[in-house]
Amino acid sequence: MPVNLTPNAIATINGGDVNLKPLVQVLDIKQMGSAQERFRLLVSDSVLTQHAMLGTQLNDRVKTGLVKKGSVIQLIDYICSQVQKRKIIVVLNLETIIPDCEIIGNPKMVSDALTQKALPNTNSMQSSTVGYNNLSSQSHGSNMHGISSALSTQNHGGNMQSFRPTSSNQNQGSKMQSFQPALGAQNYGDDVQSFRPTVQPPYQPPPSYRNHGAVMKNEAPARIIPISALNPYQGRWAIKARITAKGDLRRYNNARGDGKVFSFDLLDSDGGEIRVTCFNAVVDRFYDVVEVGKVYLISKGSLKPAQKNFNHLKNDWEIFLEATSTVDLCPEEDGSIPQQQFSFKPISEIEIAENNSIFDVIGVVISVNPSVPILRKNGMETQRRILNLKDRSGWTVELTLWGDFCNKEGQKLQEMVDSGFFPILAVKAGKVSDFNGKSLGTISSTQLFINPDIPEAHAAKDWFDRGGRDVASMSISKDIVQGGPKNEVRKTVSQVKLEGLGRSDKPDWATVRASISFIKTDTFCYTACPLMIGDRQCNKKVTRSGNSRWQCDRCNQEFDDCDYRYLLQVQIQDHTGLTWATAFQESGEEILGYPAKELYFLKYESNDDTRFADIIRSRLFYQYLFKLKIKEEMYGDERRVKITIFKADKVSYSSESRYMLDLISKVRTY
């Protein structure tokens with residue numbers, strides 16, 4: 001059937017129009033790039049052709065054959081941008097009118113067509129100028145060679161020193177062979193001295209906001225587009241989205257110097273997500289401005305490929321805000337934008353997931369361990385807390401909380417579980433680890449939602465209450481037990497000895513439920529250096545100098561006061577045997593319940609041996625969960641296995657009961 005493409009569509013779009021919705025034909029399709037799949041089109045209005053770039057959200061139109069060579073399409077949503085001094089049409093939305101059609105017209109590239117038109121216009125203007133310059137004044141009614149318009153002029157008493165009529169060239173594609181106006185001039189006594197017409201230049205489209213920037217210091221507002229339509233080829237854009245996550249402010253140092261950075265994640269009404277990153281001075285502008293959960297209008301940022309090692313969102317691009325960027329809070333709440341978007345997967349799928357992959361999971365919290373301090377490789381101390389999740393797939397997985405998660409959500413979860421309540425926990429962006437079995441851990445962009453009001457949470461709660469809590473489950477986190485910390489196995493005292501733990505190059509870790517049967521009190525603590533070396537305290541043993549001050553041989557300094565730190569030798573025992581272990585500062589305080597300095601003064605300054613002995617006896621034969629570090633060390637010429645108490649937690653009988661019931665259920669399964 002006959003098809004009429006939209007006349008002058010290419011020229012109109014190049015002029016800045018975005019509302020024409022023209023019919024054009026696809027003459028060619030080419031796939032661009034390797035890291036990210038994109039398609040470049042050559043579109044035609046039957047006279048001119050122009051390159052166009054499809055938005056990535058339209059890639060499936062090409063793959064499914066809806067858009068191919070010869071297709072007649074209607075451009076619904078588009079923008080014309082300048083890339084490397086060339087204009088290109090970025091297509092954000094389209095409709096296929098005719099899937100397959102013969103080539104219409106004899107179109108030429110827009111740059112070639114403009115070049116061919118420019119040459120004849122120049123010639124015609126030159127000939128016209130020559131013709132006009134050779135004119136002399138004539139009486140009305142005479143013909144002037146080279147002029148094609150009618151001109152009537154009257155002068156009633158003054159000399160005409162200069163007269164410049166304007167000629168309009170209607171046919172820009174052909175040479176002006178003859179230009180013959182009828183010129184009538186009436187002159188009552190004076191001659192016409194000169195006659196210099198001016199030729200009007202070819203038509204130029206009016207300036208547009210999109211390509212010409214500010215007009216009278218006011219810019220037209222950028223058009224709001226979906227996050228999925230963002231691409232680097234757009235000149236001006238704006239997105240309306242909700243902040244779903246905000247990262248911590250981080251500082252860095254590299255070859256360029258010191259700097260700071262933070263990022264936040266956006267979600268719009270179409271479900272599109274993208275990460276926004278700010279550096280240095282831009283951090284100062286926006287870090288205290290943006291808040292999680294609120295809706296903002298964001299524009300004037302640059303798009304760069306997302307770093308997938310650090311960015312888990314399903315978007316190939318990432319926004320970098322700049323000095324000219326704007327982030328404006330929307331005063332009214334937009335209910336069309338969800339608060340959060342999840343992609344939940346069953347726990348059973350974590351077992352086959354790749355290491356460092358990102359998962360959203362939801363399940364019932366069945367156990368929570370106390371928070372423990374961990375020393376990082378950089379010497380800084382952080383907190384770690386382990387909990388176990390169980391879902392409808394019948395599997396459990398351990399979730400490791402790091403840093404602030406331990407004291408915020410982690411503490412709340414522990415209080416709920418200890419009171420006999422099993423909350424639902426939704427984990428957004430947990431990171432999979434395959435060290436010693438599969439597990440999940442929190443990262444800076446992780447979010448935890450306790451008992452969220454979503455259908456998946458209600459379904460999990462209903463399943464657990466209707467019998468899910470009694471369903472035997474298997475853990476995908478190997479070598480752990482529910483209620484036990486990560487990478488540690490429950491052992492008895494006799495197993496520690498019989499299995500030869502600590503004999504390898506690396507220390508072994510074990511959790512033992514045992515009681516303290518004896519505490520050595522003659523050297524329960526030592527005097528320590530309080531000085532700081534870098535970001536850590538020295539803690540080396542100090543002695544009295546001649547002037548009653550304390551002296552540290554390591555720091556080679558003297559000071560008036562020192563610290564007192566535990567060096568506690570205790571004997572622990574369970575139903576299988578007993579062994580000696582050493583408890584240092586933190587674990588010593590957990591066992592005795594007093595600072596070392598207070599007990600030191602009680603024993604050596606106040607000489608209150610009775611009170612001191614009562615405190616020691618009160619700590620005997622109470623059960624603890626000891627986290628033990630077992631390592632063989634050299635003592636002179638002899639190798640001995642040293643057991644260090646890294647953590648001493650009083651037994652939670654509710655958690656211990658659940659642990660034992662879980663062991664019983666697994667025995668029944670086997």
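Taking all protein chains into account, the per residue accessible area for segment 450-605 stands at 54 Å² (1.4 Å probe).
Heavy atoms of the protein chains alone define the surface here; on that basis segment 369-429 has 42 Å² accessible area per residue at 1.4 Å probe size.
Excluding same-chain neighbours fewer than eight residues apart, the aspartates and glutamates reachable from Lys294 by a Cα-Cα span under 14 Å are Asp265, Asp268, Asp328, Glu332, Glu333, Asp334.
In this structure His458 has an accessible area near 100 Å², from a 1.4 Å probe over the protein heavy atoms. Ile103 exposes around 100 Å² of accessible area when a 1.4 Å probe is run over every protein chain in place.
The heavy atoms of Tyr252 present about 70 square angstrom of accessible area, all protein chains included, probe 1.4 Å.
Counting protein heavy atoms only, segment 316-435 has 50 percent of its accessible area on carbon and sulfur, 1.4 angstrom probe. Segment 600-670 and segment 367-425 have Cα centres spaced 22 Å apart.
Largest accessible area first, the listed residues Arg549, Arg658 line up as Arg549, Arg658 when surface is computed with a 1.4 Å probe on the assembled protein chains.
With 22 Å as the limit on Cα-Cα distance, the pairs of Lys246/Lys647; Lys240/Lys260; Lys246/Lys300 that go past it are Lys246/Lys647; Lys240/Lys260. These residues, Thr12, Thr523, go from largest to smallest accessible area, 1.4 Å probe, as Thr523, Thr12.
Comparing Cα centroids, segment 491-561 and segment 283-358 end up 46 angstrom apart. Which of the chymotrypsin sites (Phe, Trp or Tyr not before Pro) found in segment 299-363 are loop residues per DSSP with 16 or fewer other Cβ atoms within 10 Å of their Cβ? In loop regions of segment 299-363 (DSSP not H, G, I, E or B), the sparsely surrounded chymotrypsin sites (Phe, Trp or Tyr not before Pro) are Phe310.
The values are calculated or read from the model by the stated rules, or taken from the named source; none is laboratory data. Computed from a prediction, not measured in an experiment: that's the story for all the values here. Glycine also receives a Cβ, built like all others from the backbone with ideal geometry; neighbour counts cover every protein chain displayed. Remember, those area values only see protein heavy atoms, side chains included, never the ligands or the DNA or RNA. Shrake-Rupley method; radii C 1.70, N 1.55, O 1.52, S 1.80 Å.
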